[in-house]
Each structure stands twice: as C-alpha cells, then as structure tokens.
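Read through the structure below, which is laid out as structure tokens, and then see the notes.
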Amino acid sequence: MPPLAWWVWQRCRQLILGVRDFVFPPVCWFCGGALEEECDFCRQCRQQFQESSSRACPRCGRSVGPFADIAAGCDRCASERYPFQSVRRLGRYEGVLREAVLRIKDFNGEGLALALGRLLGQILAQSDCRFDAIVPVPLHWLRYWQRGYNQAQAIAEGISEVTGQAVLPRLLRRRRYTPSQISQSVAQREENLRGAFVVSRWTKSVPSAILLVDDVMTTGSTLREAARALRSAGARTIHVAVLARTEV
C-alpha cells in the first residue's frame, strides 16, 4: 500500500473509532455489561481472560502445572530451538478467550482487539520482558482488504498504549499470499510459510529488541518464520506476545 494511502486510512480509522467511543457509553468490550471502574472489561470477563496467564511456560507459552520446573522450558519445549526468547499470553485458546479471538477477526472487532491488547500490555508491563519496539505479524494485502484491518496490529497498538513502546506496523512484510493453516500438519504449516516474511526494503535499521505480536499461537510456525526474518535483518532479541495459546 502506498505510504500516503496508508496514512489516510489510519487517520480515518482513528476518527471513526473516536466518534464511536464518544457516542456510545463505556461498557465491557466483551459482554456489554456495565463497568464498575474505568477499564475495558468488567471484573468477571477480565478474570476469565487472565485466569491461566500465569500458569504458562515462559519459553513456549503452553500451560504448565503449578509446581512444574520451567527454568529451562517445560517438558514439551526444553529440547526445542526457537528464534525467539520467550512467549507471553493472556491464556489458553478456549472458552471466552477463544470467542473473543474469533470476534476480532471481523472488521467490527477492532475495538475489542485494542482492548485485549491493553490487557496483554498490563501483563507485559509487570513482567521482565524488555523490548525497544513492537512489531505485529503482517497480513497479506489481499487478506488485509478483505478483513478491513490487521488484528495483530490492533493488539500491538493496545500494548503500546500501556508500555509506551512504538509500534512498527510496516517493518515486517508478508511478501506472498499463504493458504489457511487450518487442518494442516506442523510440517505442512512450516512449508506453507517458508520465506513468507521479509523486512521492508525501506527499513533503515531494525531495533535490537523486538516484541512480535499475533492473536493466536498454535504450532508456532508463523511466529518462527516471522522471527527468523527479523533476526536475519539484525534483531538480536525477540519476544512473542499473543492473546491465546493452543495446547497442541
């Protein structure tokens, strides 16, 4: 997308969201219930979103027991090699969090994606995860126009509002269209995404420490390939942040 068209689109989108927030009174972004305090979600929804965030392996993001030794990773990832240092999440891809993730894949879900990003940003702000910039996993331009926005970018912008770190939405580019990953094996997913991401040729420098953001982590193939592209361009430390993690 040309830079001017991108700028105009972003300004129009922000204006629309601002008008909507002014016209409609604040309610819980997920259930629509009344808010007891100035925040995005009611207490019950917030608790359900975050109930499993702390019981996760910091290396791969999978759920672990309360007494598991995860100093070097959990039993499922200790022998694996990743191009990123850690994975942070809100919770497991199930229940209300799964429903929320499915909602943000529609055009009308952008406000919810921003709110979930702010919630994830609060978790990151309280952790030892340090980064210089936030990079959302990009959509191919065709899928972007079909959906109307990139949900990973909206989540990243929510994180940015809390942490104060800048979002670099055009640093990473998806240079070819990839078929849906649903029902594909791990090997098929990796082959499907091989070479799909590249750092934009307009990039003058790549931050040393990056937070790579997406909505869901399943096998990790998408995030691995995106992280490899960033590493090949000079990034030294990459952390991953997602709303939900499946347990495959």
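The values are calculated or read from the model by the stated rules, or taken from the named source; none is laboratory data. As the structure is a computational prediction, the values presented were derived from the model and not from experiment. Glycine gets a Cβ as well: all are built from the backbone with ideal geometry, and neighbour counts include every protein chain shown.
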Quiz item: Taking the condition modelled with pLDDT of 90 or more, within 15 Å of residue 160 (Cα to Cα) and part of a loop (DSSP other than H, G, I, E, B), does residue 129 pass?
Solution: yes
Quiz item: Looking at the range 132-173, which of its residues are surrounded by fewer than 16 Cβ atoms within 10 Å (Cβ to Cβ) and closer than 11 Å to residue 114 by Cβ?
Solution: 161
Quiz item: Given 81, 76, 89, which one is of a type in the set (Lys, Arg) and either in contact with a strand residue (DSSP E or B) (Cβ under 8 Å, 6 or more places away or on another chain) or not in a loop (DSSP other than H, G, I, E, B) (or both)?
Solution: 89
Quiz item: If the Cβ limit is 7 Å and pairs must be 6+ apart or interchain, which residue in the range 91-112 that is more than 14 Å from residue 155 (Cα to Cα) pairs with which residue that is among the polar types (S, T, N, Q)?
Solution: 91/50; 91/52; 91/53; 92/52; 92/63; 93/246; 95/48; 96/48
Practice problem: Look through 20, 98 and report the one residue that is among the charged types (D, E, K, R) and modelled with pLDDT of 85 or more. | Solution: 98
Exercise. Would you be able to say whether some residue in the range 230-238 is at pLDDT 95 or above, crowded, with 20+ Cβ neighbours inside 10 Å and within 17 Å of residue 139 (Cα to Cα)?
Key: yes
Exercise. Report, by residue number, each residue of the range 121-131 that is surrounded by fewer than 24 Cβ atoms within 10 Å (Cβ to Cβ) and over 14 Å from residue 207 (Cα atoms).
Key: 122, 123, 124, 125, 126, 127, 128, 129
Quiz item: Taking the stated definitions as given, is residue 81 surrounded by fewer than 22 Cβ atoms within 10 Å (Cβ to Cβ) and touching a residue at least 40 places away in the same chain (Cβ under 8 Å)?
Solution: no
Practice problem: Would you mind finding the one in 111, 95 that is at positive phi, surrounded by fewer than 19 Cβ atoms within 10 Å (Cβ to Cβ) and not aliphatic (A, V, I, L, M)? | Solution: 95
Practice problem: Hey, could you check the range 40-73 for residues that are part of a helix (DSSP H, G or I) and without any contact (Cβ under 8 Å) to a residue 40 or more places away in the chain and say which is surrounded by the fewest Cβ atoms within 10 Å (Cβ to Cβ)? | Solution: 47
Self-check item: Of all residues in the range 201-229 being among the basic types (Lys, Arg) and closer than 15 Å to residue 171 by Cβ, the one that is surrounded by the most Cβ atoms within 10 Å (Cβ to Cβ)
Solution: 228
Quiz item: For the range 189-216, how many residues meet the condition of being at pLDDT 95 or above and either within 29 Å of residue 63 (Cβ to Cβ) or assigned to a helix (DSSP H, G or I) (or both)?
Solution: 8
Quiz item: Going by the conditions given, is residue 153 polar (S, T, N, Q), outside any loop (DSSP other than H, G, I, E, B) and modelled with pLDDT of 95 or more?
Solution: yes
